[in-house]
Amino acid sequence: MELELVRWLSENLPSHPLLRIGIGDDAAVLRWPQDSELVVTTDAITDQVDFLLAETDPRLVGHKALGVNLSDLAAMAAEPVAAVVSLVLPRNGGAGFDAKGLAIELYHGMLPLAERFGVAIAGGDTNSWDGPLAISVTAFGRTTERGPLTRSGARPGDAVLVTGALGGSILGRHLSVKPRVREALLLNERYELTAGMDISDGLALDASRLAAASGCGVALRLETIPLSDDARRLAERDGRSPLEHALGDGEDFELLFTAPAAVAEQMVREQPLGVPVTIIGECVAEAGLWQRGSNGGLTSLEASGYRHE
């Protein structure tokens, strides 16, 4: 099966100007620009944890597997270049496909996303077992002239911003990931950003992580947090508020970033992206995660979200 899959990949993967040696050899060889640094990220997703294969189009699973890694590159304001993909397939396949057919469907989900962002699928590995489907992707990106955007540069007085709207991703957006690669590159090129990350485990938890990495606190103005329609729909079903979903659901894969207050206000005026940019709070000297009240006071806020065990 692996030989047949390698043959299929060799015939179906598009060429890439930076990929000198790809599928079919023991390792890939990339031509790397001398004026940039290498950014590497890896993420694994598994059946029963990140998706339900029995209820999900495998192409969406493949899309998510690559998308979450591209979102990590976006968080660093890095330009995606290549990825390697390792599949551990159920021996008998799944979702109505045999093992090889399932693998091909997964790649059919990845390839349009890879083409959209100029990513070379450079190689990987395939195995099978009696357990559930697991996919591990390692993605490679390159920095721009501004260098990488990290979690650790925020300062008290900086504004805290997000792209898009948050909450309710389990209704479908957790699979149809839209990595904010182009948005991050544009913002990092045009404006002075001080810190950033993507929202994967929940706004509250991820904001607390950014605060800790920067050695400061984050105070959120809860009334300004943009709520998705999915958050409102989900709230009607489970009795939790849309705001609770926005704070804790995770897998929004929007950008969470900081900038000097004047720069943030300029971004909001200009709205340079195809998705909204919203100021949702500010960085403060007091460590931790806070809610900024209407009277200006700070109240401790729970860092709710998904914690990996």
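No value in this document is a laboratory result; all are computed from the given coordinates. If you're wondering where the values come from, they're calculated on a predicted model, not measured in any experiment. Cβ atoms come from the backbone with ideal geometry, glycine included; neighbour counts cover every protein chain shown.
Here's how it looks for D158: its modeled amide H is under 5 Å from those of C283, which are all 5 or more places away or on a different chain. Among L255, A184, A231, which residue has its Cα furthest toward the positive end of the charge dipole of the range 146-273, with +1 on Lys/Arg Cβ and -1 on Asp/Glu Cβ? The residue sitting most towards the positive pole is A184.
Against the chain, whose longest principal axis comes from its Cα atoms, helix 203-214 is set at around 80 degrees. Summing charges over neighbours of Y107, with a neighbour being any other residue whose Cβ is under 14 Å away from its Cβ, gives -3 when K and R count +1 and D and E count -1.
In Å, the Kirkwood hydrodynamic radius of the range 17-97 over pairs of distinct alpha carbons?
Result for the range 17-97 stands at 15.0 Å.
Using a cut-off of 10 Å between beta-carbons, work out the net charge of the residues near N188 (Lys and Arg +1, Asp and Glu -1, N188 not included). After counting each charged neighbour, the total is -2.
When peptides 71-78, 51-58 are ranked by their average number of other Cβ atoms within 10 Å per residue, the highest-first order is 71-78, 51-58. Could you give log10 I(q)/I(0) at q = 0.10 Å⁻¹ for the range 69-220, computed by the Debye formula over C-alpha point scatterers of equal weight, without solvent? Once normalised to I(0) and log-transformed, intensities are -0.45. The charge dipole of the range 206-291, taken about its Cα centre with unit charges on the Cβ of Lys, Arg, Asp and Glu (plus for the first two, minus for the last two), comes to roughly 120 debye. Here the 3J(HN,Hα) profile of the range 281-292, calculated from phi with Karplus coefficients 6.51, -1.76 and 1.60 at θ = phi - 60°, is x, 8, 7, 10, 6, 6, 5, x, 10, 9, 9, 8 Hz, Gly and Pro shown as x. A quarter of the convex hull surface defined by the alpha-carbon atoms of the chain gives 16.6 nm² as the mean projection.
What fraction, in whole percent, of alpha-carbon pairs in the range 173-309 exceed 25 Å separation? Every Cα pair in the range 173-309 considered, those over 25 Å come to 25 percent. The packing ranking of peptides 109-116, 12-19, highest mean first, is 109-116, 12-19, where packing means the average number of other beta carbon atoms within 10 angstrom of each residue. Normalising the Debye intensity of the range 159-225 to I(0), with uniform scatterers on Cα atoms only, and taking log10 at q = 0.18, 0.21, 0.23, 0.29 Å⁻¹ returns -0.82, -1.08, -1.23, -1.42. Normalised by residue number, the volume inside the convex hull of the Cα atoms of the range 1-54 is 145 Å³ per residue.
In the range 241-309, Rg over Rh equals 0.98, where Rg is the alpha-carbon radius of gyration and Rh the Kirkwood radius from pairwise Cα distances. Once backbone amide H atoms are built at 1.01 Å from N, V81 has F140, G141, R142 as its partners under 5 Å, excluding neighbours fewer than 5 places away on the same chain.
Quick check on the chain: helices-only [θ] at 222 nm, where DSSP H runs of length 4 and up contribute -39,500 (n - 2.57) each and the sum goes over total residues. Nearest 500, please.
Details: 8 runs with 96 residues, N = 309.
Taken over the chain, the calculation gives -9500 deg cm²/dmol.
Just R292, R180, R142 to compare: in a GNM of the chain, with alpha carbon springs under 10 Å, which one fluctuates most? Top of the fluctuation ranking is R292.
Dipole check for the chain: with +1 at the C-beta of Lys and Arg, -1 at the C-beta of Asp and Glu, and the Cα centre as origin, the magnitude is about 480 Debye.
Near the amide H of G131, within less than 5 Å, lie the amide hydrogens of R91, all on another chain or at least 5 residues away, with H placed in the peptide plane.
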